[in-house]
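The structure under discussion appears below in the form of structure tokens.
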Amino acid sequence: MGSPFVREALLQTPTPGGVVCGTCERRCVIAEMKRGWCRTRQNRHGVLDSLIYGAVSSLSRNPIEKKPLFHFYPGSFAATAGSWSCNFDCSWCQNFGISKQPPAGGRYLSPRAFVALARRWNCQGTSISLNEPTLSLEWSLEVFRLAREIGLYNTFVTNGYMTEAALDMLTEAGLDALNADVKGDAGSVRRLCGVDVEVVWRNCRRAIESGLWLEITTLVIPGVNDERSCLEQIARRIAAELGRETPWHVSRYFPAYRFEAPSTSVSILERARNAGQEAGLRYVYLANVQGGAGERTDCPQCGAALISRAALRLEYCHVTSEGCCPHCTRTIPGAGWGWARRDRAPA
């Protein structure tokens, strides 16, 4: 009997040198009995197999604010699953315990069982995250279809390096929202992650064009992307290419994996927020910082405090069910405002 974690991979093309994987933009050409860069795809007799179908390394019930998604069904909960490995080479990875590991078995969970668990946990949606979810493409597509059938939303927390074909398949299957990492400028991302950041920007634009809700995160790392010029460039591109209403989360780094630079200072995060505001971004949030107003949403027009969060949990939401400020009626971009638990922390 074969392993339950092995399924024939989607998006594969035979070539004289092996099989081309079309899941992410590395587009590995995988020779017979070899694996691709991420180690989750293997060429077995001319057919590419995924080795992590239903291989769950991590499973939890998370506030949607933890993704972070601040303008999407505030106060709701998402059943969250992670698997193994990644297609980036970041030496500061904050989830290196699973993202730097090749397929390692773990708990097998079918899409149907995962969606049933989301209902049992009284979740309003699903989230594939923790390691890079694109590598779980085949499993995610089935989860999304099943979840949508029973009215659950679906989210991705991703480095954004999937192919356009993979992103389109996810969207058609029921993906509703994603938080995408923009890790720095072209030079630093190529040098330290081994990829082309333009692919990430392309996919962010495509997500918005496809009607998905998008929020951006930048883990601000000393010596990597904390220079004002880099932060300003990211902020300007979000404003110009994704829109000023796109939320930007500037997140505090802590030493992890092979990176020993000191933790990001709050003053550097404030510099990033200032860069975002100067670029015209309406919603810039500070992540991994305790206390302060870095998680609060204020109305860009009248300044009223609309949403309060603490430790990535909703405290109150005054945005109307129609998605407006109750004081000046300005539209607040997002989705799921009508669901938001109001004037109290979620249970």
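Taking the charge dipole of the stretch 174-225 about its Cα centre, with +1 at Lys and Arg Cβ atoms and -1 at Asp and Glu Cβ atoms, the residue from I216, L192, A177 reaching farthest to the positive side is L192. In plain terms, the residue of K34, K66 with the fewest other Cβ atoms within 10 Å comes first and the most crowded comes last, giving K34, K66. Think of each Lys and Arg Cβ as +1 and each Asp and Glu Cβ as -1; about the Cα centre, that makes the dipole of the chain roughly 680 debye. Over every Cα atom in the stretch 159-249, the radius of gyration and the widest Cα-Cα span, Dmax, amount to 13.0, 39 Å. Per-residue extension of 0.36 nm, minus the Cα-Cα distance of R112 and S263, leaves a gain of 50.3 nm for this segment. Eigen-decomposition of the gyration tensor built on the alpha-carbon atoms of the stretch 75-120 gives equivalent ellipsoid semi-axes of 25, 15, 7 angstrom, largest listed first.
Over all projection directions, the Cα-based convex hull of the chain averages an area of 17.0 nm².
Sequence-distant contacts, meaning Cα pairs under 8 Å at least 6 residues apart, place the relative contact order of the chain at 14 percent. Peptides 260-272, 208-220 ordered by packing proxy, namely the average of other Cβ atoms within 10 Å per residue, highest first: 208-220, 260-272.
Spin-label model, A256 to D89: label points 7 Å out along the Cα-to-beta-carbon direction sit 2.0 nm apart. Averaging the sequence gap over all C-alpha pairs within less than 8 Å and six or more residues apart, then dividing by the number of residues, gives the stretch 196-347 a relative contact order of 16 percent.
Please compute, over every Cα-Cα pair in the stretch 294-347, the percentage with a separation greater than 14 angstrom. That fraction is 48 percent. Note on the stretch 13-70: Kirkwood hydrodynamic radius from all Cα pairs is 13.2 Å, rounded to one decimal.
Kirkwood analysis of the Cα pair distances in the stretch 1-105 returns a hydrodynamic radius of 15.4 Å. Annotation for the stretch 111-202: chymotrypsin sites (Phe, Trp or Tyr not before Pro) lying in DSSP loop with at most 16 further Cβ atoms inside 10 Å of their Cβ are W121.
When DSSP beta bridges are restricted to pairs lying wholly in the stretch 61-198, around 20% turn out antiparallel. If you plug the beta carbon distance of E227 and A305 into 1/(1 + (r/R0)^6) with R0 = 41 Å, you get a FRET efficiency near 0.80. P(r) tail, the stretch 189-232: Cα-Cα pairs separated by more than 11 Å, 74% of all pairs. Of all DSSP beta bridges confined to the chain, the antiparallel ones make up roughly 55%. The stretch 186-323 has equivalent-ellipsoid semi-axes of 25, 20, 13 Å, by the square roots of 5 times the alpha carbon gyration tensor eigenvalues, sorted largest first.
Every number in this text was worked out from the coordinates using simple rules, so none of it is lab data. From a predicted model like this one, the values you see are computed outputs, not experimental measurements. Note: ideal-geometry Cβ built from the backbone for every residue, glycine included; neighbour counts use all protein chains shown.
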